[in-house]
Each structure stands twice: as C-alpha cells, then as structure tokens.
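Novice: Submitted below is the structure of interest, expressed as structure tokens.
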Amino acid sequence: MKVSVVTVCLNSEATIEDTIRSVVAQEGVEIEYIIIDGGSKDSTLAIIGRYRDKVAVLVSEPDKGLYDAMNKGLARATGEVVGFLNSDDMFADPDALASLIGAMVRDGSDCVFADIDLIDETGQVARVYSAANFHPSKFERAYAVPHPSFYARTEMVREAGGFRPSFKIASDFELMIKLMRVRGVGWTYLPRTVVKMRLGGVSTRGLKSYRISSGELIQAIEDNGLKANRLAVHSRIVRKGMETLHGKFRRVFAS
C-alpha cells in the first residue's frame with residue numbers, strides 16, 4: 001500500500017536534511033512524501049530543493065500553526081495510510097516504515113505505533129519513549145503513544161476531523177483518543193524503535209510547555225466524553241523521568 005509521510009517545517013535548515021534523507025532511505029514501502037513549509041526565510045527551501053524529485057508535494061506558505069500545517073498535509077495525502085515525521089525527527093533505520101506498515105497489514109489493523117528514542121544535540125539517546133504498556137483505557141491518565149511513530153488509515157483520520165488547530169501541543173493526542181477510544185479502531189503495537197526525535201521540539205521544551213500540555217491533555221480527554229485522572233496527568237513527569245533513566249542505561253550499555 002502507498003503511505004503518505006508528511007513533514008511540517010519552518011526555518012528548519014539545521015535539521016530538515018536529516019529528516020529528508022531518512023525518508024528517502026526507506027526501503028520496502030511505496031512513499032508519497034509531502035512537505036508543508038510555513039514560509040521559511042532561511043535555507044530550508046534550498047535544502048528541500050536538492051531532493052525535489054523525491055518530494056511528491058511541496059507547499060510553502062504561511063499557516064496558523066503546527067496543526068494547521070499538519071491538516072494541510074493530511075488534505076493532500078493520497079496514500080492509504082498517513083503519518084507525520086516533522087523536521088526534528090528521522091526514521092531510525094531504512095526498514096523502519098516498512099516494519100510499521102508490515103505489522104499493520106499482518107494484523108489487519110487500522111493504525112500502528114512503536115517506540116521512539118529522544119536524542120540530545122550530540123545524537124545520544126536521552127530518553128526512551130516506549131508504548132509497550134499502552135492501552136486505550138489509559139487515555140484518561142494522559143498515556144499516549146509516541147506520535148512520530150503513529151500511522152493510521154488516511155480516511156479514518158479525515159473522518160475523525162484531523163487535528164484541532166487551536167491546540168499547541170495536544171492535538172495528536174486528541175486524534176488518538178478519537179480513533180482508538182471513541183471510534184474503537186483496531187491498533188497494533190510494534191516493539192521496536194522506529195524514529196529518533198530531537199529534544200527541544202514543541203512538546204519537549206520544559207516546564208512552561210509541561211503546564212500548557214497538561215491543560216490541553218485534560219481538555220482533550222474531557223472534550224471526548226472521558227473523565228481525566230488529573231493527578232495522573234499532572235504527575236506524568238515521573239514516567240518521563242523513568243524514560244530518561246532508561247535512556248541513560250541505553251547509553252551505558254552502548255558504550
């Protein structure tokens with residue numbers, strides 16, 4: 001099946017080439033690559049131009065924020081399955097996407113997700129974000145799967161309404177609630193790392209980001225008819241601490 005991979009970027013000259021190269025390097029899957037640029041003023045577009053023959057759709061224009069841009073990509077996707085690999089992210093291996101889609105096809109499910117590594121400025125693993133213990137019943141506790149690893153059937157994502165542009169951080173989380181909890185679509189977990197995500201993105205920017213995300217997570221939960229476990233939402237930093245500790249162990253054993 002054809003898979004639409006959407007990259008959203010803005011002034012991403014420092015990272016966009018790593019993202020593009022990781023997409024171009026994917027093997028064993030038909031990719032429609034879509035890049036939505038928010039009107040970059042640096043050399044982002046020049047870098048994209050070096051790979052223009054690998055990019056099916058390129059849009060460069062102002063947008064109303066991250067999720068507005070992601071909706072633009074969703075609207076243009078013609079693949080049966082769609083996922084989002086933003087300009088701070090890269091596939092971990094050349095067979096990462098094929099392994100995701102292969103697991104989805106094997107199980108006959110409607111969406112698939114896996115684990116990701118969050119990396120620091122040196123490229124070392126700083127935190128391991130695993131979805132091994134995920135179940136849709138945990139959404140009330142703001143337990144989400146790693147969104148850069150999440151791929152779903154395109155029409156189902158559209159029918160769910162895509163991304164809520166008014167959110168700054170939690171719209172991908174809300175989309176997962178709509179799909180896996182409200183609509184009850186079938187899902188598959190693949191136990192491997194498929195994406196490397198740089199720290200410092202919109203969802204990993206410290207305490208201010210944490211406060212914003214907590215409010216949005218609660219709103220996303222309750223707007224979809226669920227009762228938020230507010231203590232779990234606000235204390236999820238403990239889980240992130242354990243993920244960081246896992247990352248430190250990974251570095252020790254890799255050295």
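Novice: Helix-only estimate, please: 222 nm mean residue ellipticity of the chain, summing -39500 (n - 2.57) across DSSP H runs of length 4 or more and dividing by its residues, to the nearest 500. Before the final figure, lay out each step's value.
Specialist: Working: 9 runs with 90 residues, N = 255.
The per-residue figure over the chain is -10500 deg cm²/dmol.
Novice: Specify which labelled value, from (1) 1.10; (2) 1.01; (3) 0.93, agrees with Rg/Rh (Cα atoms, Kirkwood Rh) derived from the coordinates of the model shown.
Specialist: Entry (3).
Novice: Amide H to amide H under 5 Å from T15: which residues, 5+ apart in sequence or cross-chain, H placed 1.01 Å off N in plane?
Specialist: Sorted by chain and number, the residues that satisfy this come to none at all.
Novice: Sorted from largest down, what three extents in whole angstroms do the Cα atoms of the stretch 93-133 have along their principal axes?
Specialist: 38, 26, 11
Novice: Using Cα-Cα distances under 8 Å and only pairs 6 or more residues apart, what relative contact order does the chain have, in percent?
Specialist: Details: 496 pairs, mean separation 54.5, N = 255.
In percent, rounded to a whole number, it is 21.
Novice: How large is the Kirkwood hydrodynamic radius of the stretch 1-99, in angstrom, based on all distinct alpha carbon pairs?
Specialist: Working: mean 1/r = 0.0756 Å⁻¹.
By the Kirkwood definition, the hydrodynamic radius is 13.2 Å.
Novice: OK, next. At 7 Å along Cα-to-Cβ for each site, give me the label-to-label distance between E27 and A75 in nm.
Specialist: If labels sit at E27 and A75, their model points lie 3.8 nm apart.
Novice: Could you go through the stretch 83-90 in sequence order and give the Karplus-derived ³J(HN,Hα) for each residue, using 6.51 cos²θ - 1.76 cosθ + 1.60 with θ = phi - 60°, rounded to whole Hz, and x for Gly and Pro?
Specialist: Once θ is set to phi - 60°, the couplings for the stretch 83-90 become x, 10, 10, 7, 6, 9, 10, 8 Hz.
Novice: Please identify the longest segment of the chain free of exposed GluC sites (Glu not before Pro), where exposed means a DSSP state other than H, G, I, E or B and no more than 11 other Cβ atoms within 10 Å.
Specialist: Details: sites that count: E27, E121.
Longest stretch, sites excluded: 122-255.
Novice: Now for a separate question. Once label points are set 7 Å from the Cα along Cα→Cβ at both D107 and K2, what is their separation, rounded to one decimal in nm?
Specialist: 2.6 nm
Novice: What does the charge add up to near D172, with Lys and Arg as +1, Asp and Glu as -1, over the other residues with Cβ less than 12 Å from its Cβ? Before the final figure, lay out each step's value.
Specialist: Numbers: positive: R164, K168, K178; negative: E174, E216.
Surrounding charge for D172 is +1.
Novice: Using R₀ = 35 Å, calculate the FRET efficiency as 1/(1 + (r/R₀)^6) where r is the Cβ-Cβ separation of N133 and S43; round to 0.05.
Specialist: Result of the calculation: an efficiency of 0.25.
Each reported figure results from applying straightforward, stated rules to the coordinates on display, with no laboratory input. All values derive from a computational prediction rather than experimental measurement. For neighbour counting, all protein chains shown are included, and Cβ atoms are generated from backbone atoms with ideal geometry for every residue, glycine included.
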